[in-house]
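Structure first, then comments.
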Amino acid sequence: MGGVSVRGAVVSTRGITGAVRAGLLAIAVGVLLVTTACAPGEETMADIPAIEEAVAAALPRAEAVEAERDTSGTSTGYVARITLAEDAPLSAGELSAVLLAMRGSAPQDAGYLSVIAYDSAGEGREAVDVKAAADELGLRYTGFFQGITVGTSDVDDKLS
């Protein structure tokens, strides 16, 4: 019995002409390549402490920095959640320093960077506005709550 095996599934090719068999094989190989290329690879967490340390060094009023790897669609990026010692929005200079620190410590293939800042002074954890600083820097960003997401190409073009 003739057949094509793709990831353990055998498709019978008995009674099928050569051209159709070749077409099925091409489709099977294509499916295998797409699923292999789109499958998440082995994730390393080594870049997370580097991002956290770089952001903390770039922003002295940060009490804590938590970073994580994030995936949106086909792009991978990094999110920094920053707890600030006082309730004051990030200045343009501070946001620039944070984004450049993230860009310098994240893998070069990162597609975007997200920054969320919180105030630790009040009751609970209140978000601090980051958008005004992004506007002042002329960054193209996507806003969510009080945080922003910026493409790394925009960071490279506008801040480097």
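Could you tell me whether S114 is part of a helix (DSSP H, G or I) and of a type in the set (S, T, N, Q)? No; evaluated as a whole, the condition is false for this residue. The set of residues from region 129-144 being within 11 Å of V115 (Cα to Cα) and assigned to a loop (DSSP other than H, G, I, E, B) comprises D129, V130.
Only one of the numbered conditions (1) assigned to a helix (DSSP H, G or I); (2) acidic (D, E); (3) open to solvent by 10 Å² or more (accessible area, probe 1.4 Å) is violated by D154, and that is (3). The set of residues in region 53-77 that are closer than 16 Å to V115 by Cβ, within 15 Å of the chain's Cα centre (by Cα) and open to solvent by 30 Å² or more (accessible area, probe 1.4 Å) comprises E66, E68, R69, D70, S72. Take the residues in region 78-121 that are of a type in the set (S, T, Y) and either at pLDDT 95 or above or surrounded by fewer than 19 Cβ atoms within 10 Å (Cβ to Cβ) (or both); name whichever of them is farthest from A57 (Cα to Cα). Here the residue is Y112.
Selection over region 109-160 of residues that are closer than 21 Å to D47 by Cα and in contact (Cβ under 8 Å) with a residue 24 or more places away in the chain gives a count of 17.
Residues L90, L95: which one is part of a helix (DSSP H, G or I), under 24 Å from S160 (Cβ atoms) and among the aliphatic types (A, V, I, L, M)?
L95
Annotation note: Cβ proximity below 9 Å between a residue of region 57-81 that is free of Cβ contacts under 8 Å to residues at least 60 places away in the same chain and in a strand (DSSP E or B) and a residue that is among the hydrophobic types (A, V, I, L, M, F, W, C) and surrounded by fewer than 16 Cβ atoms within 10 Å (Cβ to Cβ) (sequence gap 6+ or interchain) occurs for A62/A85; E63/A85; R69/M45; R81/A64.
The values are calculated or read from the model by the stated rules, or taken from the named source; none is laboratory data. Since this is a predicted model, take the numbers as computed values, not measurements. Every residue, glycine as well, gets a Cβ built from its backbone with ideal geometry; the counts of neighbours run over all protein chains shown. Accessible surface is based on the protein model in full, side chains and every heavy atom, while ligands, DNA and RNA are left aside. Shrake-Rupley method; radii C 1.70, N 1.55, O 1.52, S 1.80 Å.
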